[in-house]
Amino acid sequence: MSNIVATFSARVQRASRELILFAIASMAMVLGSSLFDSTYNNFLNERFTITPFQRSFIEFPRELPGFLVVFVSAALWFLCSRRLAVLCMILSSVGVLLVGFASPTFNIMLIWLFIYSMGQHLNMPLSSAIGMELAREGQTGRRLGQLNSIRNVATIAGSLLVVIGFRYLGFTFETVFLISGIVLAIAAALLFTMQPTVTHGAGSYLQLHREYKLYYTMAIISGARKQLFITFAPWVLVTIFNQPTQIIATLLMIGG
C-alpha cells in the first residue's frame, strides 16, 4: 500500500498545474451530475406525480440539447475549449438550482431542465477534447482512461452521498440540488483558472464519410437503446416497485 501511495504521490508531483486543475474540475463536474441523476426520478414522482406520457415527453427537452450541440458549439466558436467548458458548468449549475428551487409547475421545470441539459451535453465532447489537450504525445488513450477513472470515482461518491444523506442525514431534494449546484459552480471556477487555449476561426467541421455509414447506424441504434433504458428502467423502479431515492442511488453506485 505504501508503494502505491508513493507512486501516486510522485505522479501528482510530476503532473502539470493544468492537468491537476482539470482532474479536480472533472471530479466536481461528475459529482454534481451524479447527485442530480441519483434523485431526479424520485423528485419527478413525488413533486409532480406525472403520468408515463409526461415522463416520456421530458426526454424531448432533456435530449434536444444533444442534437443542438453542433449548432451551439459552432455559434460559440470564438470561445476556446476551456472557456466554453466554464460556460457549460455555469449553465448546469444554474439549471439544477432552478429545477430544485424555482419549479412551481411541471412546464416551468422543463425550461430549467433544458438549461441544465444544454450545459451537460455541450460539456460531453469538451471533456474529451481538453483531456487530449493535456496528454503527452502518444499517450492520449492513457490520459482519457485516467480521467474516466476519476469520473467513475465521482459517480460513486455522488451516489454514496445521496444514500447516506437520505438514509441518515435527513436530506431533501432541495438539499441535494443545492449541493449539486454548488459543486458544479466550483467546477466552473476551477476551469476558469486554467490557462485559455488558442481559439480557431469559424469553419465547417461536421463531415460525414460514406465509409463510416455502418458506424453511424450502430451509433443511432445504441443511442436509442440507451435512451429507452436510462429513461424507463429507473422510472419503473420508482413508480411500479416504489423504491425510495436511496435505493436508486445505491444501484447507481454499484453500477459506477
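Where a number appears in this text, it was derived from the coordinates with a stated rule and is not lab data. Remember, predicted model here, so these are calculated numbers, not experimental data. Here the Cβ is made from the backbone with ideal geometry for all residues, glycine too, and neighbour counts use every protein chain on show.
A few remarks follow.
- Alpha carbon Rg of the range 2-115, scaled by the compact-globule rule 2.2 N^0.38 Å: 1.40
- Treating each Cα of the range 93-190 as an identical point scatterer and summing with the Debye formula, the log10 of I(q)/I(0) at q = 0.21, 0.25 Å⁻¹ comes to -1.14, -1.29.
- Rounded to the nearest 500, the helix-only mean residue ellipticity at 222 nm of the chain stands at -28000 deg cm²/dmol, with each DSSP H run of n ≥ 4 adding -39,500 (n - 2.57).
- Spatially, the range 30-61 and the range 141-199 are offset by 19 Å when compared through their Cα centroids.
- Taking max minus min of the alpha-carbon positions on each principal axis, the range 27-93 gives extents of 43, 26, 13 Å, largest first.
- Cα-centred dipole magnitude for the range 46-113, charges only on beta-carbon of K, R (+1) and D, E (-1), debye, nearest 20: 180 debye
- Taking every alpha-carbon pair under 8 Å whose residues sit at least 6 apart, the chain reaches a relative contact order of 36 percent.
- Extension gain, residue 167 back to residue 64 (0.36 nm per residue minus Cα-Cα distance, nm): 33.6 nm
- Here the translational diffusion coefficient of the range 132-245 follows from Stokes-Einstein with Rh set to the Kirkwood radius across Cα pairs; for 4 °C and 1.567 mPa s it amounts to 68 µm²/s.
- Pair residue 111, residue 195: separation of 7 Å Cα→Cβ label points (nm): 4.2 nm
- Listed by Cβ neighbour count within 10 Å, with the fewest neighbours leading, 173, 36, 101 appear as 101, 173, 36.
- Neighbours of residue 149, meaning other residues whose beta-carbon lies under 15 angstrom from its beta-carbon, give a summed charge of +4 when Lys and Arg score +1 and Asp and Glu score -1.
- Estimated inter-spin distance, residue 56 and residue 15, nm [label 7 Å along Cα→Cβ]: 4.5 nm
- When you filter the GluC sites (Glu not before Pro) in the range 93-198 for DSSP loop state and at most 12 other Cβ atoms inside 10 Å of their Cβ, you are left with 137.
- Within the range 74-120, the proportion of Cα pairs with more than 12 Å between them is 60 percent.
- Across the range 33-173, the convex hull enclosing all Cα atoms gives 125 Å³ per residue.
- Compactness relative to 2.2 N^0.38 Å, alpha carbon Rg of the chain: 1.06
- Here the gap between residue 136 and residue 174, fully extended at 0.36 nm per residue and compared with their Cα-Cα distance, gives a gain of 9.5 nm.
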